[in-house]
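The values are calculated or read from the model by the stated rules, or taken from the named source; none is laboratory data. Worth saying up front: this structure is predicted, and the values here are computed from it rather than measured. Here the Cβ positions follow ideal geometry from the backbone for every residue, glycine too, while neighbour counts run over all protein chains shown. Side chains included, ligands, DNA and RNA excluded: accessible areas come from the protein's heavy atoms. Shrake-Rupley method; radii C 1.70, N 1.55, O 1.52, S 1.80 Å.
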Amino acid sequence: QHRVPEVPQRRERAQQTLIVALMQTDGRLVEDVQHAHQPAADLRGQPDALGFAARKRRGLAVTVICADASRPVPGLVEGSFDAVLVDAPCAGLGTLRRHPELKWRRAPDDIGRLAALQAALLAALLPRLRPGGVLVYAVCTYTIAETRAHRDALLARHGDLEPDPIPAALARYA
C-alpha cells in the first residue's frame, strides 16, 4: 500500500491528481486542511476532482485524511510513508511575473511567518517517511529562509538524509 502525504498550497489540484494517478496500489493521501486553499474535503460536490472514479474501476482505493499537517496527525505511524510531498505555503515571490499584485500583498514579516510554518510542516511530516523514502519540498519562492535554510537545517539535523543532485537542466535555477 502506497502512503503519500501531501501538503498542498496551490489552487490547482494537479499534484493531488498526479499522485492519485501514479499510485499503483491502495493508498492514503493526507491533506493539510489548515493551510490548503481548497482541501479535498471541500471537493465532495465536484465530479471526481481527484480521479478517484478511475481508480475505483481498477479496484484501487484512496483514503483521504484531512488534518493540520503542521502537527502530529493521529493514526499516522512513523516511517510508514514511501514518499512525502510538502508543497508548502510560501511567499510566492517566484510568481511575481504572473501575480505582480504580490508586491503589495506581502509584508516583510510574511517571510519569517511562512518559514516557521514550513519548518513545522517538515518537522511533523519527516518522521512519517520510511528509511530510503523520498521527501520532496516544493515552494514557488526564492527567499533563502523558505528554501536553502530548510534544506541546510534538515541535512544538519538528519544525517541519514541525502539530497538528490539537481539535474543539469535545472541547475541554473538552483
Task: Among (1) surrounded by 12 or more Cβ atoms within 10 Å (Cβ to Cβ); (2) on the phi > 0 side of the Ramachandran plot; (3) at pLDDT 85 or above, the one test that residue 79 misses - done: (1)
- [ ] May I ask you to list the residues in the stretch 71-95 that are small (Gly, Ala, Ser) and farther than 24 Å from residue 108 by Cβ?
- [x] 75, 79, 80, 83
Open item on the list: Quick check on the stretch 145-174: of everything there that is surrounded by 10 or more Cβ atoms within 10 Å (Cβ to Cβ) and of a type in the set (Gly, Ala, Ser), which residue is nearest to residue 91 (Cα to Cα)?
Closed with: 145
Task: Pair list, Cβ under 7 Å, 6 or more apart: the stretch 127-140 residue under 13 Å from residue 69 (Cβ atoms), other residue hydroxyl-bearing (Ser, Thr, Tyr) and outside any strand (DSSP E or B) - done: 128/80
Open item on the list: Give all pairs with beta carbons closer than 7 Å in which a residue from the stretch 110-121 that is more than 17 Å from residue 85 (Cα to Cα) meets a residue that is part of a helix (DSSP H, G or I) and among the small types (Gly, Ala, Ser); count only pairs at least 6 apart in sequence or on separate chains.
Closed with: 111/145; 112/145
TODO: Look at the stretch 82-109 and say how many of its residues are open to solvent by less than 50 Å² (accessible area, probe 1.4 Å), in contact (Cβ under 8 Å) with a residue 40 or more places away in the chain and either of a type in the set (Val, Ile, Thr) or assigned to a helix (DSSP H, G or I) (or both).
DONE: 4
